[in-house]
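See below for the structure under consideration.
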Amino acid sequence: MSFTFDDLKKENLQPWTAYIEHDFVRQLGAGTLAPQAFRHYLKQDYLFLIQFGRAFALAAYKSPTLADLRHAKAGFDAIIDLELGLHIDYCQQWGISEQDLSELPEARATLAYTRYVLDTGNRGDLLDMHVALAPCLVGYAEVARFLIEQPTTVRGDNNPYEAWLAMYESAEFQAAAQAERAWLDERLADITPARFKQLSRIFNDATRLEIDFWEMGLNQQM
């Protein structure tokens, strides 16, 4: 029996749909999200991305082949050079300096999610780690595509969050997400049903923690 990333989604359809179509996402697309909620999310997402950079560095350490090492490096570059760099610039547009970001405390949702991913990577193998990372890298690309298709999504200067949506719909980010899907599909094709069940649990946990991260932003929780 052969598995794919889509099988992980189908096995966890309820939490995956709740994540991709969350109220935070819908309000962001419509431009109606409270500015203070978005600002809180931006700050925590900076801390989140730093930890995910560390996770991809761990994935590189755990890579047994040059191909895996190159793939981990591509994910690391997407986080550090593309997403985190754009994120810092975007925060500055919202009056949040890089110095402000460096002094932030982590919200409980940020701690829970990022440490879960790092713990999964430390105690598991490379596939465990990538499955834990997938709701972030692959999920954000899917969130962007979801919003593009919604009639309620406002584009251009009428949406204060246009730059956020443009970043995740960009060819560079979508290509990084597609490369991650392809890597996962290749590895999932050879696993047993019992192993798929283990990975599905990791995927479910990580997806639910993504939902908590949206909730943290929406409700401005620490």
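Computed values, structure above
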item: Protection proxy ranking, peptides 95-104, 63-72, average beta carbon neighbours within 10 Å, highest first; result: 63-72, 95-104
item: Neighbour-count ranking [beta-carbon atoms within 10 angstrom, fewest first] of T153, T4, T192; result: T192, T4, T153
item: Sites R145 and E186, calculated FRET efficiency, Cβ-Cβ separation with R0 25 Å, nearest 0.05; result: 0.65
item: At least 15 Å along the helix axis (C-alpha) and Kyte average at least -0.5, DSSP helices within the chain; result: 35-61, 66-77, 126-149, 193-219
item: Unit charges on C-beta of K, R, D, E only; dipole of region 5-219, Debye; result: 520 debye
item: Anchor K43: lysines whose Cα lies under 30 Å away (excluding residues fewer than 8 positions away in-chain); result: K9, K62, K73
item: Shape of region 1-112, Cα gyration tensor, a/c cut at 1.5; result: oblate
item: Relative contact order of the chain, defined on C-alpha pairs under 8 angstrom at six or more residues apart (%); result: 42 percent
item: Cα-based reach from K10 at 19 Å (exclusive), listing aspartates and glutamates while leaving out same-chain residues under 8 positions away; result: E21, D128, E142, E180, D185, E186, D190, D205, E210
item: Trypsin sites (Lys or Arg not before Pro) within region 192-222, DSSP loop, no more than 14 other Cβ atoms inside 10 Å; result: none
item: Region 105-222: C-alpha gyration tensor shape, a/c 1.5 cut-off, then a/b vs b/c; result: oblate
item: Residues V117, V154 arranged by fewest to most Cβ contacts within 10 Å; result: V154, V117
item: Reciprocal of mean inverse Cα separation for the chain (Kirkwood radius, Å); result: 17.7 Å
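We did not get these values from a lab; they are worked out from the coordinates using the rules stated. Worth saying up front: this structure is predicted, and the values here are computed from it rather than measured. FYI the Cβ positions are ideal-geometry reconstructions off the backbone, even for glycines, and counts take in every protein chain you see.
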